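Enquirer: One structure, pasted below without further comment.
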Amino acid sequence: MLKVVKFGGSSLADAEQFKKVGDIIRQDTSRRYVVASAPGKRHAQDTKVTDMLYQCYALAAKGQDIEDSFKAIEERFNGIIAGLGLDFSLEKEFDLIKNGFIHKAGKDYAASRGEYLNAMILAKYLGFDFIDAADVILFEENGRLNMEGTNTLLASVLADHANAVIPGFYGSMPNDTIKTFSRGGSDVTGSIVARAVRADLYENWTDVSGFLMADPRIIENPLGIELITYAELRELSFMGAGVLHEEAIFPVRFAEIPINIRNTNRPDDSGTMIVPATDEVDLKHVITGLAGKRGFSVLSIEKDMMNAEIGFGKRVLEVLEKHGISFEHLPSGVDTMSVVIATQEIAEIKDQIKAEVCRAVSPDKIAIDDGLALLAIVGRGMVQSKGTAARIFGAVADADINIRMIDQGSSEKSIIMGVEEGDLENAMRAIYKEFVH
Ligand code: ASP
């Protein structure tokens, strides 16, 4: 058994958290490769070290004094070292980094130093080797991850280390400068490392015990999700149920390695297991989870005999393509076609889009309406359970909510429903109650 474990910022925010992480790793010798985030918030009003680094670098970039700002960052790390009682100093590193800031080594370089330093401390604390992500995570000239190059390199480097700590969030460009992933990117590093060493499991340790079936700000005490497939998670995370960085799924999914989301503060909770596929279906609840998102607009077009007009849809979509607009859904009837688009993508150019679509397909009627919320009801169990759609629509109708759009993917893993933004929360409550309690 071989596990790659990633610890998020809140799990490594101070010495107390480091001790919990140490206990978790020492308890299971298969946890051999560790990916570390920068120290996160210690309490709600605290600032993440990554944000402190961005702020400090912004001062340096303007040529302003960074003494105080940099000192505050040093103190975060020195506090951890002292709290762990380590005989270890980062003073030399601090000097080098400060110098890099003053000489404008780049925003990504600056931001990455939180992971770099925290991983050094963790390696020292655990007695593991430290491997700089800049030496093993490679980006291409165009800023994209060099997936295959990184995989080969990482696999060969890690083969020489029984145990190692690798900083998350960054790698290097072909010219050796540092490049970071987008925010929360340590999840991606963990996934890449798991694939490279062919781990049996990628444990992602954070401050929640996995995914919940619904947003707890809307549904009181929702149940946790014990088991979810990658495909289901994609459907839910697109709607913004973010615990895991979206791109973290791909390397491990490709290698068919499961991810286990765990809680550093409640290590006995089993968390959520994300798997490539499973025969195990929760027939009691049928649905795996639901998620909603506001801020969509519908472009609706009506034209008699539209269905017989070859290339109609293509011409409409070409107008959107020309403006670089992507669409979310495309529910259509015989003489109607609707395109669901994120409002922010078209807000500025609505009239122009309408005019161009008119020119392209001469519709009988055209409108763009805002204020749509989308709700995704996701569950691999839906394929096997008859009447799921009827239960969903019944529950929503009983709550006196008007459904403006329905879209069921042919995979039958999800039903997407459009409602007025103001109805979203009630619709979610009604559906949750129907299926769960
Ligand atoms: N420290 C980085 C951030 O705050 C990356 C991470 O934590 O995954 O976004």
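No lab work stands behind these numbers, since they all come straight from the coordinates. No experiment lies behind these values; they were computed from the predicted model shown. Neighbour counts are summed over all protein chains in view; Cβ atoms, including those assigned to glycine, are modelled from backbone coordinates with ideal geometry.
Enquirer: log10 I(q)/I(0), Debye, Cα-only the range 291-437, no solvent, q = 0.08, 0.14, 0.17 Å⁻¹?
Expert: Cα-only, vacuum Debye calculation for the range 291-437: -0.25, -0.72, -0.97.
Enquirer: Still on this structure, I have one more. Based on C-alpha coordinates, I'd like the Rg and Dmax of the range 120-172, in Å.
Expert: So, for the range 120-172, Rg and Dmax equal 11.8, 37 Å respectively.
Enquirer: Shifting gears a bit: Please state the shape class of the range 167-208: rounded when a/c is under 1.5, otherwise prolate if a/b exceeds b/c and oblate if not, all from the C-alpha gyration tensor.
Expert: Oblate.
Enquirer: Quick one: Debye curve from the C-alpha atoms of the range 1-98, no solvent, what's log10 I(q)/I(0) at q = 0.10, 0.12, 0.15, 0.18 Å⁻¹?
Expert: The computed values of log10 I(q)/I(0) come out as -0.33, -0.46, -0.69, -0.92.
Enquirer: Go ahead and estimate [θ] at 222 nm for the chain from helices alone: -39,500 (n - 2.57) per DSSP H run with n ≥ 4, summed, over the residue count, rounded to 500.
Expert: -11500 deg cm²/dmol
Enquirer: Label points 7 Å out from Cα along the Cβ direction at Ser30 and Arg359: separation in nm?
Expert: Between Ser30 and Arg359, the simple spin-label model gives 6.2 nm.
Enquirer: Apply 1/(1 + (r/R0)^6) to the Cβ-Cβ distance of Leu59 and Ala308, taking R0 = 60 Å, and write down the FRET efficiency to the nearest 0.05.
Expert: Calculated transfer efficiency: 0.40.
Enquirer: Two decimals, Cα atoms only, Kirkwood Rh: what is Rg/Rh over the range 273-316?
Expert: Checking Rg against Rh, the ratio lands at 1.26.
Enquirer: Along the charge dipole of the chain, Cβ charges K/R +1 and D/E -1, which of Ala427, Thr29, Ser11 sits furthest on the positive end?
Expert: Value computed over the given set: Thr29.
Enquirer: Please compute the modelled spin-label separation between Leu330 and Asp160, points set 7 Å along Cα→Cβ, answer in nm with one decimal.
Expert: So the label points at Asp160 and Leu330 sit 5.1 nm apart.
Enquirer: Pairs to check: Lys293/Lys365; Lys284/Lys413; Lys41/Lys104; Lys303/Lys413. Give those whose C-alpha atoms are more than 23 Å from each other in this structure.
Expert: Over 23 Å apart, Cα to Cα: Lys293/Lys365; Lys41/Lys104; Lys303/Lys413.
Enquirer: Provide the gained length on full extension for the span Leu223 to Leu153, in nm with one decimal, where the gain is 0.36 nm per separating residue minus the Cα-Cα distance.
Expert: Here the answer is 21.1 nm.
Enquirer: Also, I was wondering about something else. What distance in nm lies between label points placed 7 Å from Cα along the C-beta direction at Ala367 and Gln344?
Expert: Between Ala367 and Gln344, the simple spin-label model gives 2.6 nm.
Enquirer: Convert 4 °C to kelvin, take the viscosity as 1.567 mPa s, use the Kirkwood radius over C-alpha pairs of the range 171-282 as Rh, and evaluate the Stokes-Einstein diffusion coefficient in µm²/s, rounded to a whole number.
Expert: Using the Kirkwood radius from Cα pairs, D works out to 87 µm²/s.
Enquirer: If we restrict to alpha carbons, what Rg and Dmax does the chain come to, in Å?
Expert: For the chain, the Cα radius of gyration and maximum Cα-Cα distance read 24.7, 79 Å.
Enquirer: Taking loop as defined by DSSP and a crowding limit of 10 other beta carbons within 10 Å, which trypsin sites (Lys or Arg not before Pro) in the range 356-389 fit?
Expert: Lys386
Enquirer: Quick one: work out Rg over Rh on the C-alpha atoms of the range 103-148, Rh as Kirkwood radius.
Expert: Checking Rg against Rh, the ratio lands at 1.05.
Enquirer: Now a separate question. Using a ≥ b ≥ c from the Cα gyration tensor of the range 54-136 (square roots of the eigenvalues), is it rounded, prolate or oblate, where a/c under 1.5 gives rounded and otherwise the larger of a/b and b/c decides, a/b for prolate?
Expert: Cα axes put the range 54-136 in the oblate bin.
Enquirer: Okay, next question. Among Ala61, Pro174, Asn151, whose Cα lies farthest out toward the positive end of the dipole of the range 53-180, if unit charges sit on the beta carbon of Lys, Arg (+1) and Asp, Glu (-1)?
Expert: In the range 53-180, that residue is Ala61.
Enquirer: Let me ask another. Which value, in debye to the nearest 20, gives the size of the charge dipole of the chain about its Cα centre, when Lys and Arg are +1 and Asp and Glu are -1 at the Cβ?
Expert: Value, rounded to 20: 400 debye.
Enquirer: If you don't mind, another one. Got a sec? Charge dipole of the chain, +1 on Cβ for Lys and Arg, -1 for Asp and Glu; which of Leu122, Ala214, His161 is way out at the positive end?
Expert: Towards the positive end, the residue furthest out is His161.
Enquirer: Suppose every Lys and Arg Cβ carries +1 and every Asp and Glu Cβ carries -1, with no other charges. What dipole size does the range 1-119 come out with about its Cα centre, to the nearest 20 debye?
Expert: 520
Enquirer: Considering every Cα-Cα pair within the range 254-299, what fraction, in whole percent, is farther apart than 11 Å?
Expert: In whole percent, the share of Cα-Cα pairs in the range 254-299 beyond 11 Å is 80.
Enquirer: Shifting gears a bit: So which residue, out of Asn402, Asn260, Asn151, gets the largest mean-square fluctuation from a GNM of the chain using Cα contacts under 10 Å as springs?
Expert: Asn402
Enquirer: With both bridge residues required to lie in the chain, what share of the DSSP beta bridges run antiparallel, to the nearest 5%?
Expert: 60
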